[in-house]
Each structure stands twice: as C-alpha cells, then as structure tokens.
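Written below as structure tokens is the structure these notes are about.
Every read-out reported here was derived from the displayed coordinates using simple, explicitly stated rules and does not represent laboratory data. Keep in mind that what you see is a predicted model, and the values were worked out from it rather than measured. Here the Cβ positions follow ideal geometry from the backbone for every residue, glycine too, while neighbour counts run over all protein chains shown.
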Amino acid sequence: MNITVYCGAAEGLDPEYIVRAKELGAWMASKGHTLIYGAGNSGMMGAVSDALIEGGGEAIGVTPRFFILAEETRDDLAEVVISDDMSTRRSWMIDNGDAFIALPGGMGTLDEITEVMTYKRLGLLGKVNKPVMIYNVNGYYDRLFSFLDDMKDQNFCRQLDRDNVIEVKCLEDIVRALECVGSIDETRTSKYDE
C-alpha cells in the first residue's frame, strides 16, 4: 500500500522523534509498503526515508520545483514527482495515498495533515477507508488533540469528525489502524451533512 507520511525537515529536540521515524520506515520496507513523502533528505524526512531505502523499500518523493532548485531532494528515490507549487504537491500526495500519517513536524506538516483531515470530513478521500493518523510521539501533538476536542465541544465539528483523526502512539497502533485500509468507509460523510 502507499502510505503518505508528513513530517519535518528538521529533527526536533527529542531524539525519540528520529527513532520512531526510522522504526516506521524500516517497518514499511519490511512489509512492502511504498512511502509517499516530501522527497527531503534531512531531519524527520531523511530519517524515515533512510530507514525505508536501507531496508529495500521504495519511496516516491513529491516536491515543488523550487525545492529541486534548492537541492533539497534525495537522488536515490524510486520516483520523484515534481509539482509546480505546494498545492499541487499536496493534492498528488492525497490522491495517491492509501493511508496518511503525520510524524512530528512544523507548519508544513500541520498544513498537510489538516488538509487530509478536511478531505476525510468532506468525504473527498473516496468510498474506501483511508485512515488519517497523527503520531503523537512523547506527547508532541497533545495540544493539537486538546484543540480538536475543544472544536468538538464548541460544536465546530462532530464527534465523528474528531474520531476520524486517529491518535497513534506506537508502531502497533499504526498497524491496527491500517487493518481497515480498503474496506468500505462507514464514516464517509459529505459536505452536505449536518
């Protein structure tokens, strides 16, 4: 399956972030999953793709043209998709992903995973289940989950919408969440639902 992973080009301060990124990449390689990600070679992106490629896995990097010019793209990927802009990049990663995981990252990571969350809410991911996961390594995303709960409590989203954002805290949680990939999405909604 194609697993789209969003994560930072920086390492962050907690060494566990890199440990978990490498663990995820190695596991994906061992199971024959393809990594779709931002094509970077540093930080969290470098860690997950290094482990996957070292394990014999395939990675597809999706990058806007200006990152190519800045030489921030790996040169050992199975495929590099060059987009004109960030919007086209995000769309390609969503359209070609079977599941989505956000590792710790910055504003770009948050931008990407919230777009997927919105697609899930609007029923734009299709009729089959494509889980949307946020990897809450050592509580990195605690405040985000608290904010999502506040959104629900203030009636800006439904319980169903909140439940569609899966908090994962370890590789075993990810494996469990992936068990539903390809099944009919019983939570599928449309923008016309109230």
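Treat every Asp and Glu Cβ in the chain as -1 and every Lys and Arg Cβ as +1, leave all other atoms uncharged, and give the resulting dipole magnitude about the Cα centre to the nearest 20 debye.
400
Below 8 Å, C-alpha to C-alpha, sequence gap of six or more: please give me the relative contact order for the stretch 2-178 in percent.
Relative contact order of the stretch 2-178: 22 percent.
Test of understanding: in a Gaussian network model of the chain with alpha carbons linked when under 10 Å, which of Thr34, Thr114, Thr63 would top the mean-square fluctuation ranking?
Largest GNM mean-square fluctuation: Thr114.
How much of the pair distance distribution for the stretch 117-163 lies past 11 Å, counting alpha-carbon pairs only, in percent?
More than 11 Å apart: 71 percent of the Cα pairs in the stretch 117-163.
Go ahead and set up a Gaussian network model of the chain, Cα springs under 10 Å, then flag whichever of Met133, Met93, Met107 fluctuates most.
Met107
What three numbers, in Å, describe the spread of the alpha carbons of the stretch 54-110 along their principal axes, ordered from the longest?
Between the extreme Cα coordinates on each principal axis of the stretch 54-110 lie 30, 25, 22 Å.
Pick out which of Ala177, Ala102, Ala59 has the largest mean-square fluctuation in a Gaussian network model of the chain, springs linking Cα atoms closer than 10 Å.
Fluctuation is largest for Ala177.
How far, in degrees from 0 to 90, does helix 107-122 lean away from the longest principal axis of the Cα atoms of the chain, to the nearest 10?
So the helix axis and the longest Cα principal axis differ by about 40 degrees.
Amide H to amide H, which residues 5 or more places from Val81 or on other chains are under 5 Å from it, using H placed in the peptide plane?
Amide H to amide H, under 5 Å and 5 or more residues apart or across chains, Val81 pairs with Gly61, Val62, Thr63.
As an exercise, take the mean of 1/r over every pair of distinct alpha carbons in the stretch 2-178, invert it, and state the Kirkwood radius in angstroms.
16.2
How much mean residue ellipticity at 222 nm does the chain get from its helices, if each DSSP H run of length 4 or more adds -39500 (n - 2.57) and you divide by all residues, to the nearest 500 deg cm²/dmol?
Theoretical 222 nm ellipticity from helices: -13000 deg cm²/dmol.
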